[in-house]
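Undergrad: One structure coming up, written as structure tokens, with questions to follow.
Values quoted throughout were computed directly from the atomic coordinates according to the rules given, and no laboratory measurement underlies them. Since this is a predicted model, take the numbers as computed values, not measurements. Quick reminder, even Gly has a Cβ in these numbers, built from the backbone with ideal geometry, and neighbours come from all protein chains shown.
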Amino acid sequence: MAEYSFDVVSEFEAVELTNAVDQARREVGTRYDFKDTATTYDHRDDVIVVESASEDRAKAALQVLREKAARRQLSPKLFQAGDPKTIGKGRGQIEVRLNAGITDDIARDLRKRIQNVAPKAQVRIQGDQLRVTSKDKDTLQLVIKSLREAEDIPVPLQFTNYR
């Protein structure tokens with residue numbers, strides 16, 4: 001009897017993120033409500049710093065970034081925004097952490113969820129991904145459906161290597 005499997009990973013396309021940041025920069029540069037706010041997006045490793053004339057403008061600029069990312073199929077769960085803070089001369093700043101990767105705690109939580117949905121499926125934690133195997137394709141489809149519908153998982157999930 002054949003066994004079927006897939007991997008659960010949490011990653012994002014760096015190129016798509018760069019494109020989303022560039023598009024947000026362009027839109028903020030041309031929109032009237034951002035005129036003379038000197039809004040900037042500074043993308044370094046796993047942090048994006050959004051800075052503008054006030055905290056409200058920084059929040060609006062973050063919303064523009066989220067919209068551009070959504071158009072590029074980047075999950076809203078990817079952006080974990082910190083609290084807006086006021087820096088010199090009343091300017092607002094928001095630090096946005098990129099929330100990707102499956103930690104050990106999240107992996108254990110996902111394993112429990114999968115076992116609750118499909119007790120016969122085997123789940124192996126392999127570093128920062130999970131391999132789910134089963135003798136039945138329908139069981140794997142059910143697992144994918146339940147993980148997609150779960151709103152309380154803190155990271156965006158992708159399902160790869162479906163065999």
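Undergrad: What does the highest-first list of 52-63, 19-30, 114-125 look like by mean Cβ count within 10 Å?
TA: Numbers: 52-63: 18.7, 19-30: 16.7, 114-125: 15.2.
Packing order, densest peptide first, comes out as 52-63, 19-30, 114-125.
Undergrad: Quick check: convex hull of the Cα atoms in region 14-98, volume per residue, rounded to a whole Å³? Let's see the in-between values first.
TA: Details: hull volume 6.6 nm³, N = 85.
It comes to 77 Å³ per residue, whole-number rounded.
Undergrad: Here is a further query. Out of (1) 40; (2) 24; (3) 29, which label holds the value of percent of Cα pairs over 26 Å apart that was computed here?
TA: Recomputing percent of Cα pairs over 26 Å apart here picks out (1).
Undergrad: Still on this structure, I have one more. In nm, to one decimal, how far is the modelled label at Thr103 from the one at Glu149, with both set 7 Å along Cα→Cβ?
TA: 2.8 nm
Undergrad: Could you compute the net charge surrounding Leu147? Neighbours are other residues with a C-beta less than 13 Å from the C-beta of Leu147; K and R count +1, D and E count -1.
TA: With Lys, Arg at +1 and Asp, Glu at -1, the net is +1.
Undergrad: Which FRET efficiency value, to the nearest 0.05, do you get for Tyr162 and Ser54 by plugging their Cβ-Cβ distance into 1/(1 + (r/R0)^6) with R0 = 35 Å? Walk me through the numbers before you get to the answer.
TA: Working: r = 47 Å, r/R0 = 1.34.
Between Tyr162 and Ser54 the formula returns 0.15.
Undergrad: Step through the residues of region 115-123 one at a time and calculate ³J(HN,Hα) from phi using the Karplus curve (6.51 cos²θ - 1.76 cosθ + 1.60, θ = phi - 60°), rounding each to whole Hz and writing x for Gly and Pro.
TA: For region 115-123, the Karplus curve yields 5, 5, 6, 9, x, 7, 6, 9, 10 Hz.
Undergrad: Return the Rg/Rh ratio of region 51-131 with Cα-based radii and a Kirkwood Rh.
TA: We get a ratio of 1.20 for region 51-131.
Undergrad: Quick one: if the Förster radius is 35 Å, what FRET efficiency do Thr40 and Lys137 give, using the C-beta to C-beta distance and rounding to 0.05?
TA: 0.10
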